[in-house]
Amino acid sequence: MRSKKMEGTSAPSLRRDPYEVLCVSRDSSDQEIKTAYRKLALKYHPDKNANNPDASELFKEVAYSYSILSDPEKRRQYDTAGFEAVEDSMDMEIDLSNLGTVNTMFAALFSKLGVPIKTTISANVLEEALNGTVTVRPLPIGTSVSGKVDKQCAHFFGVTINDEQAECGIVVRVTSTAQSKFKLLYFEHDINGGYGLALQEDSEKTGKVTSAGMYFLHFQVYRMDSTVNALAIAKDPESAFFKRLEGLQPCEVSELKSGTHIFAVYGDNFFKTATYTIEALCAKSYEDTTENLKDIESQILRKRNELRQFETEYRKALARFQEVTNQYTQEKQSVDELLKQRDSIHATFTVTRPPSGISNLSNGSSSKVPGETESPTEDGNSDGKDKSGKKKWFNLNLMGSDKKLG
C-alpha cells in the first residue's frame, strides 16, 4: 500500500505572491493574516478533500504563504527582496493525522534523534473548535488538572478571570513528567459562536520534563523556536552559537481581558497518548517572579543584539586567524628546509671517505687532502693495512719436517 505524502510548507512549484494567496493586503495586521489562513486551511485541508487532488496543492500553497507572512522577520525579508530572501530559512511542517504508518515511524525516529519536526494541528480539531462542538472543562485560577490526551486530539479548558486578575496578568502552563510531546493552544471566540485558533506553543524538553507556557503579563514575552537553531547547525555548525537566540519570537497576545478564555492541550506524540498537567495562575501571587521574567527577557534581547555584532567581529578575526595559521605553516616549512640544507653543507667539510660510490662534495672530487700521499707497506700494498700477519698455505712452518730429513 502506498503511504500518503507528507504535507508541509515546502515551496510549491509555481509560487504566487503570499498576500495574493491569502487574499490579504500588504498592510494587513497579523490577526487578519491569521484569520485568513485559518479559513483557507480548513477549506483546502486534505482530510476534507479526499476526492479533490487540487486541494492538496492549494493547501500547501496556503501553508507556505502563511509560514512567510506569520513570521515578522520572514515577512520583512520577503517585502524587501522577494522569495529568494526567505527560501533558505523555510522549514518543514507535517500533519501527523495525514501520514501513513511508515512516514510516521520515520518522523518519530528523526524526532528521537533530536531533529526538530514541526507538526500542524489536525483539521478535525480546528473544525470542531470553529463549530463550537468541543467539550470545555473549567480550569479555575490557582488550580491544576491532569489527564491523558490521544494523539492528534485535544482537551479544552475554560479559564475565567475577573478584572483584577486580568490587570495583574495570567499564566497558563502545561508540563509532562512523562516527557510527552504536546501543544498548548489558545482560542479566541469566533463571531459565529465557535473558537478560532489564536496562539500555539510546542512543548520543549527542559531537564526531565517537557513543558509549554503562555504568559499574559502586559509586557512583551517571547517564545523560543528551537528549529531555528537546529537549521543553523545543519547549515553551518560554527554559526550555531550565534543563531541560538534568533529563535526568540514575540508572542502575539500579551494581555487578556476579563471573561472566559479557552485553552487546549493537543496530543502531539507520534503513537502514544500524551500525559499532562495544566495549571492557570494569577501573576499577583508571583510579583517578584514576574519582575524577574521581565528583566531577563530584556537582558536576552540585548544579548541577541550584542551577539549579532560580535559575530561580525568573530568572523573577521577567524578569517585573519586562518590566514596567519596558513602563513605559520608555510614559514615553518621554509625554516625547516633552510636548516636541512645548512646541515648538509656542514657535513661536506670532512676528510672521511664517504661510502663507496657516494661523495660528500657536490662536484664528485676525491676527499684526499691536497699534497698528502699514501705510503706503501713492505709488501708493496698501498692500502695502509699490515697483511704480514696473515698466513698462507705456502708459508707454513716446516721446521719439524727439515729435522727429520736431516
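So, in segment 177-223, how many residues would count as being in contact with a Gly (Cβ under 9 Å, 6 or more places away or on another chain), closer than 16 Å to Ile278 by Cβ and open to solvent by 20 Å² or more (accessible area, probe 1.4 Å)? So the count comes out to 3.
If I filter segment 169-198 down to residues being of a type in the set (A, V, I, L, M, F, W, C) and assigned to a loop (DSSP other than H, G, I, E, B), which single residue comes out as farthest from the chain's Cα centre (by Cα)?
Once the filter is applied, the top-ranked residue is Ile191.
Among the residues of segment 254-279, those identified as within 20 Å of Ala198 (Cβ to Cβ) and surrounded by fewer than 16 Cβ atoms within 10 Å (Cβ to Cβ) are Ser254, Glu255, Lys257, Ser258, Gly259, Thr260.
If you go through segment 135-168 and keep only what is more than 34 Å from the chain's Cα centre (by Cα) and open to solvent by less than 30 Å² (accessible area, probe 1.4 Å), you end up with Leu139, Val145, Phe157, Gly158, Val159, Ile161, Ala166. For the residues Asp27, Asp47, the requirement of being open to solvent by 40 Å² or more (accessible area, probe 1.4 Å), in contact (Cβ under 8 Å) with a residue 24 or more places away in the chain and either touching a Leu at 6+ places or on another chain (Cβ under 8 Å) or assigned by the TED database to the domain that holds Gln77 (or both) singles out Asp47. Annotation note: of Thr260, Thr312, the sole residue that is among the β-branched types (Val, Ile, Thr), modelled with pLDDT under 90 and out of contact with any Asp or Glu (no Cβ under 8 Å at 6 or more places or on another chain) is Thr312.
Among the conditions (1) touching a Ser or Thr at 6+ places or on another chain (Cβ under 9 Å); (2) β-branched (Val, Ile, Thr); (3) part of a helix (DSSP H, G or I), the only one that Thr260 does not satisfy is (3). Scanning segment 27-72 for residues that are of a type in the set (S, T, N, Q), part of a helix (DSSP H, G or I) and over 29 Å from the mean Cα position of the chain (by Cα) yields a count of 3.
Among the listed residues Val159, Val145, Val125, which satisfies the condition of being in contact with a strand residue (DSSP E or B) (Cβ under 6 Å, 6 or more places away or on another chain), assigned to a helix (DSSP H, G or I) and of a type in the set (A, V, I, L, M, F, W, C)?
Going through Val159, Val145, Val125 in turn, the sole match is Val125.
The values are calculated or read from the model by the stated rules, or taken from the named source; none is laboratory data. Just so you know, these numbers come straight off a predicted model, no measurement behind them. Glycine gets a Cβ as well: all are built from the backbone with ideal geometry, and neighbour counts include every protein chain shown. Protein only, heavy atoms only, side chains kept; ligands, DNA and RNA dropped before computing areas. Shrake-Rupley method; radii C 1.70, N 1.55, O 1.52, S 1.80 Å.
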